[in-house]
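J.: Questions regarding the structure given below will be posed in turn.
Derivation of every value follows stated rules applied to the coordinates shown; laboratory data play no part. A quick note: this is a predicted structure, and the numbers were derived from the prediction, not measured. So basically every Cβ, Gly included, is an ideal-geometry build from the backbone, and we count neighbours across all protein chains shown.
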Amino acid sequence: MKPERGYSTIVIVITFLADPSRKQYLLNGLQEEWIIERKDSHEQRCTVLDTYDYTLLRQKKIALLCNGNYSFFDLLDASKDVSRSVTSSVLENDKQPKEIVKNRGGWKVNRRTQADVNEEFFLVRNTDRKGVARLFLLLINIDTPPLHIMRLQISPLRGYDEEAVNLSTLFERILTGDKMRFPWDRKREIRPRMTDTAGIRIFCSDVLSRVRSFERGIVRDTDPECLHQYRVNVRKIRALLGLSKSIFPRDWLQALTDELSSIMKRTNRLRDLDVHIDAMEGYRQLLPDALKAGAVLLEELLKHERQKEQGKVAAFLASEKYLGRMRQLEKNLDKPPENEENDDTGKPLQATVLHILERRFNKMVKKITEVEAEAEDLSFHQIRIEGKKLRYALEFLEVFSDLKQVKKIIKKMKRFQDLFGEYNDLCVQEEFLHIHMDGIENDDNLKAKRRDIEMAVGGILTIISKKKAEVRELMLKETVSVRDKNLKKNISKMVKEGMDEISRSV
Amino acid sequence: MKSVALYSIKGGVGKTTMAVNMAYFESAAGARTLLIDLDPQGSSGFYLRIRPKPKSRGKDFFRGSDKMHTMIRESDYQNLDVIPAPESVRKIDMHIADANEKQVQIQKMLDLFIGEYDRVIIDCPSQLGLMSENIFIAADAIVVPLIPTVLSLNTLQQLEQFIKRRQYNLDKFYAFFSMVDQRKRMHRETVDNAENLPIKIFQNWIPYASVIEKMGMHMTPAQFYAKNEKAVRMIEQLLQEMKEYGVL
């Protein structure tokens, strides 16, 4: 409950996540003490704006676009309530909510998913049947991740502030035990001193919740980013478990990573198609006019194929078999493996992660030192994989540690990561096109269009090849900064400080 | 801001009924309206289901803006706020008597609402004392309901003499006939021969009708539950006439 100062009166706003079917239960609870009169209601389908990584929602904020109007809600801070609906006060010239505009430097906000927004207005009367407060109930049912946000706004009629506070107290009482957890909220706090296996398990379990939050978006095909985020998070769990193989029982770990790999495999082709379709527009613009028609045909072909592949992935994710496997994964991560030690006897999480980090960094530097300008793509791919593992470990460390250098190192490695990622995408696209052309050659239905498509593919491969050369050069330059002594010094310093911190706490 | 007081020395003449319906009429037309109940019976608040706040006191009327504003309660009707009468409003004359500028206490109170409200309707108690004199100075118009009986007309004359004696402005006093029972010859004749009254009297009048008395049962303005009843339409015609005369 948070009273908001307004014109000579207060407005109380309560926001929470809840199963939408509980709405009636809430209203019934209120009716035991008050008379609730429904005045009006509206329902509309809105677009949720957010970054690819749901930065806003993770910060418990929501930006909605309903019928051309923006609204922006801070779900935790009622004082940032934007208005009953949406007003120009939250908009700037480019029609983006101010908060988003403010953060544009780091974020790319886009139309992310859909939400059903239901507004209901009530008048609350006391036992004299006198109106004492207006109640505005906002239900936002977001498709992906599946979140059900209820927002109650109690606006007392002038002179009835006390009644409104009593009303909100009753709400809070009815709500007890009814609130739901945000998919990104941790089930348990992760502390540097806790046993390493427990810390890693809890983190992986949280990440798995995020994985699951993207399922509906993939099934409904809301946005290709849903699949991307789904895969990024599965990979994160797999990488972290892989990095800590020495501390978990072998069979336990193997069962988990095998299952995750198997699930990833089912989505590989769809992701490749998404990446390629996304890149097609850029390629089409770079191609000479004579090849553009073929590029359009290729794109249509890819889209058609994507549609089929999306159907397969959606059917897989909606299947009982998949859901059962996911439930089993959740159970395995939530339940400690045999012989897991308690926080007093086990090895501290921070020590284990720092140890892993140092080892990984040295391994990566070794690989970078070995790589030559003419090296195979595979060598660069391996460096990229090492870099990714290092980054996941750093991001994990950032979750529970206060060590100053973590952020700095992550920042320092960002460009390196971006370049290696871009290079890898180009390699994947190149390989994909080669394989795809083989498929076209064997398809009799495409005979007539084959020549145009082949020419376009040839043109695109030339573009990719040129780009690869450019990026490779930049990558090689960037490896110097990773081999830089200062970075190594920073990591060693961080490891030392982290270890000292743990020793002191013991 | 225009302020109108419903006033009569005599009780039970329909002041509160008119005050509530007048306030509703004005607010429904879009005017930001405040109904102030100065009658310790608290009937205006009762008709609108509004009780005074437990801690509000009669002296709060004269304790500045903050105190005054905390007494305001929003009604269930758009644009209509009410200051219901706490029981201790009966001591209001005493508080005025203690004040330095005894004649302008109500004027000062009304000044607090300039800019906030377009209309202030005051439901006055039946008395002729310090508070009444304050009202005579402060209100833009004083409307007196009259039952067409000898006694009622007699009190109107008493009022006229008092106003003249104290040199208040008689031009802002208006009257209308209320609770007219057309079955009674005396009522009919009094209404028909009203031109000799000492203050301006409206042509429209309010009949004695059970539909109006039922306000107490419905606890809403009569226009809200019986808009199409003849008696209620007559109230509206009277209010319309008041508007034409610039009272509202």
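J.: How tilted is helix A:161-175 with respect to the longest principal axis of chain A? Cα atoms for both, answer in degrees (0 to 90, nearest 10).
T.: Tilt relative to chain A: about 50 degrees.
J.: Report the calculated FRET efficiency for B:Q78 and A:Q328 (r = Cβ-Cβ distance, R0 = 60 Å), to the nearest 0.05.
T.: FRET efficiency, B:Q78 to A:Q328: 0.50.
J.: Is there a quick way to get the dipole size of segment B:67-197? I mean about its Cα centre, with the Cβ of Lys and Arg at +1 and of Asp and Glu at -1; what is the value in debye to the nearest 20?
T.: Dipole size: approximately 460 debye.
J.: Quick check of the Kirkwood formula: for chain B, what is the inverse mean of 1/r over all pairs of different Cα atoms, in Å?
T.: 18.1
J.: Among A:V353, B:V180, A:V232, which comes first, then next, by fewest other beta-carbon atoms within 10 Å?
T.: Least to most surrounded, the residues fall as A:V232, B:V180, A:V353.
J.: Expressed as cubic angstrom per residue, what is the convex hull volume of the alpha carbon set of segment A:234-297?
T.: 91
J.: Continuing with the same structure: What is the list of residues in segment B:207-248 whose amide nitrogen lies under 14 Å from a point 7 angstrom out from the Cα of B:K184, following Cα to Cβ?
T.: Hits in segment B:207-248 for B:K184 at 14 Å: B:207-209.
J.: Beyond 29 Å between alpha-carbons counts as too far, so tell me which of A:K388/A:K468; A:K331/A:K489; A:K312/A:K467; A:K130/B:K67; A:K61/A:K347 fall in that bin.
T.: Too far apart for the 29 Å limit: A:K331/A:K489; A:K312/A:K467; A:K61/A:K347.
J.: Between B:V191 and A:R220, what FRET efficiency follows from the Cβ-Cβ distance if R0 is 51 Å, with the result rounded to 0.05?
T.: 0.10
J.: Here's another thing I want to ask about it. So, in nm, how far is label A:H304 from label B:E213 when the simple model puts each one 7 Å beyond its Cα toward the Cβ?
T.: Label-label distance for A:H304 and B:E213, simple model: 8.7 nm.
J.: Kirkwood-based Rg over Rh for chain A (C-alpha set), two decimals?
T.: The Rg/Rh ratio comes out at 1.02.
J.: Okay, moving on. Which whole-number percent gives the relative contact order of segment B:1-95, counting Cα pairs below 8 Å spaced six or more residues apart?
T.: Once divided by the residue count of segment B:1-95, the mean separation gives 32 percent.
J.: As I understand it, the dipole of the protein assembly as shown uses +1 on the Cβ of Lys and Arg and -1 on the Cβ of Asp and Glu, about the Cα centre. Which of A:S379, B:G12, B:S178 lies farthest toward its positive end?
T.: A:S379
J.: While we're here: For B:K243, give me every one of the lysines with a C-alpha distance below 27 angstrom, ignoring sequence neighbours fewer than eight places off in its own chain.
T.: Once the sequence-local lysines are set aside, what remains near B:K243 is B:K2, B:K10, B:K15, B:K108, B:K164, B:K172, B:K200, B:K214, B:K227, B:K230.
J.: State, to one decimal in nm, how far the label point of A:K292 lies from the label point of B:D140, with both points 7 Å from Cα in the Cβ direction.
T.: It is 7.1 nm.
J.: Any idea how far apart A:S262 and B:K164 come out in nm if each label point goes 7 Å out from Cα toward Cβ?
T.: 10.9
J.: Now for a separate question. Rounded to the nearest 0.05, what FRET efficiency is calculated for B:H69 and A:T47 with R0 set to 35 Å and r the Cβ-Cβ distance?
T.: In this case the efficiency is close to 0.25.
J.: Tell me, for chain A, which Cys residues have no other cysteine's C-beta sitting closer than 4.7 Å.
T.: A:C204, A:C226, A:C427 - these cysteines have no disulfide-compatible partner (Cβ-Cβ under 4.7 Å) in chain A.
J.: Relative to the first principal axis of the alpha-carbon coordinates of chain A, what is the inclination of helix A:196-213, with its axis defined by its Cα atoms, in degrees from 0 to 90 and to the nearest 10?
T.: It is inclined by approximately 80 degrees.
J.: On to the next question. Just how large is the dipole of segment B:145-213 about the Cα centre, in debye to the nearest 20, putting +1 at every Lys and Arg Cβ and -1 at every Asp and Glu Cβ?
T.: Dipole of segment B:145-213, to the nearest 20 debye: 200 debye.
J.: Work from the charge dipole of segment B:66-136 (Cβ charges, +1 for Lys and Arg, -1 for Asp and Glu, about the Cα centre) and give the residue of B:Q107, B:V89, B:N79 farthest towards its positive end.
T.: Of the candidates, B:V89 comes out farthest on the positive side.
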